[in-house]
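What follows is a short report on a single structure.
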Amino acid sequence: MVDFFIHRPVFSTVCALLIILAGGAVIPTLPIAQFPDLAPPQVTVTSFYTGASAQTVESAVTTPLEQQINGAEGMKYLTSSSTNDGVSSITATFELTRNPDLASVDIQNRVNTAQGRLPNAVKQVGITVQKSSQNFVFGAAVYSPDGRYPPLFMSNYLDVYVRDSLKRVPGVAEVFLFGERKYSMRLWLDPVRMASRALTAPDVVNALGEQNVEVAAGQVGSQPAVPGQAFQISVRAVGRLSEASQFDNIILKSNSDGTLVRLKDVGRAELGAEDYGSNLDYNGSESVGIGVTQLSTANALDVHRLCLAELYRLAKRFPPGMKVEVAFDTTDAVSESIRDVVSTLGEAIFLVILVIFIFLQDWRSTVIPAVTMFSMTTIASSTTRPVASVMPNRVRVLIEKPSSLTKANVPISETGIVTAGMTVDCQS
């Protein structure tokens, strides 16, 4: 068989080229990873108790939720935090073999069971249960170089037009906004004027809850109706208030002489941000940060590539004077490692071809073993794939292409990677 190919160099070259083409067609179908996930699944439960201290949040919200969540199937441990701004966060970490979707459903059911023990203010705001990860893929800053837009506007724009689009990218766990500012109607009360009118802060909250509501006003002329009724009209009443002047006219109290005490008599209303607890600057300009985390089962390189493509696509629609830049990127180390591997393989192939030419002293004679070497490398990338997932002495080599990332598995010896007769030293 060997003599057959040696005496027919053209036929051998054609066979080698066919093998190369077949291997090239197989490489894009290779999976990125065949090994077990290293990051355990996590589910985060977040709730808000507006105005409560950290101790109050811990005793009224965090502890009841922890008692109910504890003992979920496949759970390893719980971590929680309660802050002075009323935020309760509980993270449940599960075994690697636990399905993240089933774990999230299990936690959601347990949270629903515990809601009867929580304050009404927490239940009105809502409790969020979602799969999460602490691994940030990248962070970007959105800012206005000329100071045309305040953080309040940029934060609201990102919340409405950017955050939801990034969440739909495959592999994204959560999208965070740092230095976030949400539009909110802020009520400022004067304690002296309130005391002179025998009013307290709960009185203002109760009046706000009674008068700032959506009203189902019904219809006029609906059946059964009097004879001759020709029209049926839906009644639309003023619902939730939207202007500061409307909030100023909220009635807080009715005196015995018939006079009314309104909000503007004891304070004022203004449109501002819901929270001013954090500020973010980028290159000396006020900005809003975007942080993207990945799911425990996702590939960081794919998430990074797809999210940046989506972010830059959305950036083309930004208002004039608003820009976005990547502030930090955790996939740089992985990308540089891939480039080093590709560079090392290229240098090794060149040296092998050079050695063959030195010994044969003829370029035509060098072509056949060189093409054969490429074909053997391609075969190694496609035939060792089924074995690499179960053999501990195998190593994965990532090959970066302009449009996608694929992987080839090659055997490894005690001193390095052996591929088609060439050795590449492994460095940690």
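Key figures for this structure:
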{"quantity": "Every pair of residues 6+ apart whose Cβ atoms lie under 9 Å, when the first sits in the range 15-39 and is within 30 Å of residue 97 (Cα to Cα) while the second is of a type outside the set (A, V, I, L, M) and at pLDDT 80 or above", "calculated": "32/299; 32/302; 33/299; 36/97; 39/294"}
{"quantity": "Condition check for residue 112: farther than 26 Å from residue 58 by Cβ and either outside any strand (DSSP E or B) or modelled with pLDDT of 90 or more (or both)", "calculated": "no"}
{"quantity": "Qualifying residue in the range 68-86 (condition: free of Cβ contacts under 8 Å to residues at least 12 places away in the same chain and over 25 Å from the mean Cα position of the chain (by Cα))", "calculated": "yes"}
{"quantity": "Filtered residues of the range 79-88 (kept if surrounded by fewer than 17 Cβ atoms within 10 Å (Cβ to Cβ) and out of contact with any Gly (no Cβ under 8 Å at 6 or more places or on another chain))", "calculated": "79, 81, 83, 84"}
{"quantity": "Verdict on residue 310 being within 19 Å of the chain's Cα centre (by Cα), charged (D, E, K, R) and in a strand (DSSP E or B)", "calculated": "no"}
{"quantity": "Subset tally (residues that are part of a helix (DSSP H, G or I) and among the basic types (Lys, Arg)) for the range 225-271", "calculated": "1"}
{"quantity": "For residue 166: the one exception among (1) at pLDDT below 90; (2) in the same structural domain as residue 313 (by TED's automatic domain parsing)", "calculated": "(1)"}
{"quantity": "Counted residues, the range 60-91 - those being within 22 Å of residue 277 (Cβ to Cβ), in a helix (DSSP H, G or I) and among the polar types (S, T, N, Q)", "calculated": "1"}
{"quantity": "Considering residues of the range 260-295 that are closer than 25 Å to residue 137 by Cα and without any contact (Cβ under 8 Å) to a residue 40 or more places away in the chain only, the residue surrounded by the most Cβ atoms within 10 Å (Cβ to Cβ)", "calculated": "281"}
{"quantity": "Members of the range 166-218 found to be closer than 25 Å to residue 280 by Cβ, of a type outside the set (A, V, I, L, M, F, W, C) and part of a helix (DSSP H, G or I), listed by number", "calculated": "167"}
{"quantity": "Of the criteria (1) surrounded by 14 or more Cβ atoms within 10 Å (Cβ to Cβ); (2) among the small types (Gly, Ala, Ser); (3) free of Cβ contacts under 8 Å to residues at least 60 places away in the same chain, which one residue 59 fails", "calculated": "(1)"}
{"quantity": "Test: residue in the range 150-166 that is free of Cβ contacts under 8 Å to residues at least 12 places away in the same chain, β-branched (Val, Ile, Thr) and surrounded by fewer than 19 Cβ atoms within 10 Å (Cβ to Cβ)", "calculated": "yes"}
{"quantity": "Selected residue [out of contact with any Phe, Trp or Tyr (no Cβ under 9 Å at 6 or more places or on another chain), at pLDDT below 80, surrounded by 15 or more Cβ atoms within 10 Å (Cβ to Cβ) and over 30 Å from residue 166 (Cα atoms)] from 367, 341", "calculated": "367"}
{"quantity": "Residue in the range 349-362 that is hydrophobic (A, V, I, L, M, F, W, C), surrounded by 13 or more Cβ atoms within 10 Å (Cβ to Cβ), in a helix (DSSP H, G or I) and in contact (Cβ under 8 Å) with a residue 60 or more places away in the chain present", "calculated": "yes"}
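The values are calculated or read from the model by the stated rules, or taken from the named source; none is laboratory data. Just so we're clear, the structure is a prediction, and the values are computed from it rather than from any experiment. For neighbour counting, all protein chains shown are included, and Cβ atoms are generated from backbone atoms with ideal geometry for every residue, glycine included.
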